[in-house]
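Participant: Supplied in structure tokens, the structure appears directly below.
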């Protein structure tokens, strides 16, 4: 019997290996979408097109592209990071402005951001741990000097912010990833005895401040609002005239390693994501190395948050720093945690460059490994506030409270070209343009749809070949426009 079984085993193994070879051989065949059609959505300056559908285009077999043609190449088999989501921030300013809108405009606002069909389908959100500059005044959740935190209460947020977040979660289908960020500890915990103008967290209050995070998470989750994660400190290298607090790289590392991380784990919050840095791209490499090269600190870190304000003095976005950080620490996630257009001017609400700044940043951030992208204020009034430090800014949506209307800016539509079509769980796939006039990024959604964003910053219409595998479709993108292609 043994003499018969041995040859049978060999035969079975041979059949299995042959089958695997066939499967492997199949995977090397060129990717083909010949005969399929691609849906096209366009937003373009001076045209009236705003996330507007165009006639679908059909793929045909493609010859070798030439140097005289412009092409966008997408390679679905080459995948990178998993997409988390896109969203905005539930500041006091947004919530207070929302509360002043007429009831029908509140419904419109919620649909515009959080409805997956009628709006742009936000799935990610940020909120502040007590006040930021985008609050009507500074405040905390405790009475000043309350070291035991016995007076901790979210009563302030229950008036405006918590009701808005609840309605947003409902409109988003019952789920919204929400992370929280502090701008400053209470004044008595700081070296300068004020929440404003920088200062540092006093060493004797490090444990108290870590406990404050836990109090906050438990209190807001009792309100039916799950917290997915936290950042340690908003902009820890910026001394601002509003709420701010300075942490050196070593101070942030040690606070995380010795206080915040252990406190979360001890209190059953190990599942909460902790995000370091939460500041600009310029200094990100130094900060990340100082923290993540310490294994006792790194074990608490989910990812690295960053902003775009290194361009404030006329500099260029430092996207290459994201690429380096992603290569250095591939097990940690990159998350864009804040960006806004500053220096509000009501005459520039429809300034097209503001929208293009979003498109340019989002494409480059995603192409350099970013998993999610969070805008700043969801909503501001017609003055770019309220802001108790007069730091008035733009938002994708503004409310003209005198007229009871919502104002949609170009930024809203540019963000929508990503958030409406790319779904959580998507994989970024390889995409490249053959000419620098076009920027592009692409994702493969969980349902198998390929989503490609193409942006034309030039002042001329561009005709290009949209190439996937052995097939291509001929597409035209207007001047100063952004398109989303869905296959």
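Participant: Please go through the stretch 445-463 and pick out each residue that is over 15 Å from residue 39 (Cα atoms) and assigned to a strand (DSSP E or B).
Facilitator: The answer is 455, 456, 462, 463.
Participant: Right, something else. Take the stretch 306-323 and flag every residue that is touching a strand residue (DSSP E or B) at 6+ places or on another chain (Cβ under 8 Å) and either over 15 Å from residue 285 (Cα atoms) or surrounded by fewer than 17 Cβ atoms within 10 Å (Cβ to Cβ) (or both).
Facilitator: Matches in the stretch 306-323: 309, 312.
Participant: Now a separate question. Going by the structure shown, is residue 265 assigned by TED's automatic domain parsing to the domain that holds residue 178, at pLDDT 95 or above, in contact with a strand residue (DSSP E or B) (Cβ under 6 Å, 6 or more places away or on another chain) and closer than 27 Å to residue 216 by Cα? Don't jump to the end; show me each part of the working.
Facilitator: Details: assigned by TED's automatic domain parsing to the domain that holds residue 178: yes; at pLDDT 95 or above: yes; in contact with a strand residue (DSSP E or B) (Cβ under 6 Å, 6 or more places away or on another chain): no; closer than 27 Å to residue 216 by Cα: yes.
Against the criterion (assigned by TED's automatic domain parsing to the domain that holds residue 178, at pLDDT 95 or above, in contact with a strand residue (DSSP E or B) (Cβ under 6 Å, 6 or more places away or on another chain) and closer than 27 Å to residue 216 by Cα), residue 265 does not qualify.
Participant: Looking only at the stretch 273-286, count every residue that is over 26 Å from residue 138 (Cβ atoms), in contact (Cβ under 8 Å) with a residue 40 or more places away in the chain and touching a helix residue (DSSP H, G or I) at 6+ places or on another chain (Cβ under 8 Å) and tell me the total.
Facilitator: So the first thing to find is which residues in the stretch 273-286 are over 26 Å from residue 138 (Cβ atoms), and the list is 273, 281-286.
Those still in the list that are in contact (Cβ under 8 Å) with a residue 40 or more places away in the chain too: 273, 281, 283-285.
Applying the additional criterion that residues be touching a helix residue (DSSP H, G or I) at 6+ places or on another chain (Cβ under 8 Å) yields 281, 284-285.
Number of matching residues: 3.
Participant: Which residue pairs have Cβ atoms under 9 Å apart, sit 6 or more places apart or on different chains, and have a first residue in the stretch 459-487 that is on the phi > 0 side of the Ramachandran plot and a second that is part of a strand (DSSP E or B) and crowded, with 19+ Cβ neighbours inside 10 Å?
Facilitator: 469/74; 469/76; 480/44; 480/456
Participant: Being in contact (Cβ under 8 Å) with a residue 40 or more places away in the chain and within 18 Å of residue 92 (Cα to Cα) is the requirement here; does residue 145 meet it? First the steps, then the outcome.
Facilitator: Details: in contact (Cβ under 8 Å) with a residue 40 or more places away in the chain: yes; within 18 Å of residue 92 (Cα to Cα): no.
Answer is no for this residue.
Participant: If you check residue 51 against the conditions, is it farther than 23 Å from residue 399 by Cα and at pLDDT 95 or above? Give the steps one after another, and end with the answer.
Facilitator: Details: farther than 23 Å from residue 399 by Cα: no; at pLDDT 95 or above: yes.
Criteria not met by residue 51.
Participant: Got a number for residues in the stretch 464-481 being part of a strand (DSSP E or B) and more than 25 Å from residue 78 (Cα to Cα)? Don't jump to the end; show me each part of the working.
Facilitator: First, pick out the residues of the stretch 464-481 that are part of a strand (DSSP E or B): 464-468, 471-477, 481.
So of that shortlist, the ones also more than 25 Å from residue 78 (Cα to Cα) come out as 476-477, 481.
So the answer is 3.
Participant: Output yes when any residue across the stretch 353-365 is over 25 Å from residue 53 (Cα atoms), at pLDDT 95 or above and out of contact with any strand residue (DSSP E or B) (no Cβ under 6 Å at 6 or more places or on another chain), and no when none is. Can you show your working first?
Facilitator: Step one: list which residues in the stretch 353-365 are over 25 Å from residue 53 (Cα atoms), which gives 365.
From the residues that got through so far, the ones that are at pLDDT 95 or above too are 365.
Still in the running and out of contact with any strand residue (DSSP E or B) (no Cβ under 6 Å at 6 or more places or on another chain): none.
Within the stretch 353-365 (the criterion being over 25 Å from residue 53 (Cα atoms), at pLDDT 95 or above and out of contact with any strand residue (DSSP E or B) (no Cβ under 6 Å at 6 or more places or on another chain)), the answer is no, since none of the residues qualifies.
Participant: In this structure, does residue 58 turn out to be more than 30 Å from residue 303 (Cα to Cα), in contact with a strand residue (DSSP E or B) (Cβ under 7 Å, 6 or more places away or on another chain) and modelled with pLDDT under 95? Working first, answer last.
Facilitator: Details: more than 30 Å from residue 303 (Cα to Cα): yes; in contact with a strand residue (DSSP E or B) (Cβ under 7 Å, 6 or more places away or on another chain): yes; modelled with pLDDT under 95: no.
No.
Participant: Can you pull out every residue in the stretch 46-79 that is surrounded by fewer than 17 Cβ atoms within 10 Å (Cβ to Cβ), within 29 Å of residue 125 (Cα to Cα) and in contact with a helix residue (DSSP H, G or I) (Cβ under 9 Å, 6 or more places away or on another chain)?
Facilitator: Once the filter is applied, which keeps residues that are surrounded by fewer than 17 Cβ atoms within 10 Å (Cβ to Cβ), within 29 Å of residue 125 (Cα to Cα) and in contact with a helix residue (DSSP H, G or I) (Cβ under 9 Å, 6 or more places away or on another chain), the stretch 46-79 yields only 50.
The values are calculated or read from the model by the stated rules, or taken from the named source; none is laboratory data. Given the structure is predicted, the values throughout are model-derived calculations rather than measurements. Here the Cβ is made from the backbone with ideal geometry for all residues, glycine too, and neighbour counts use every protein chain on show.
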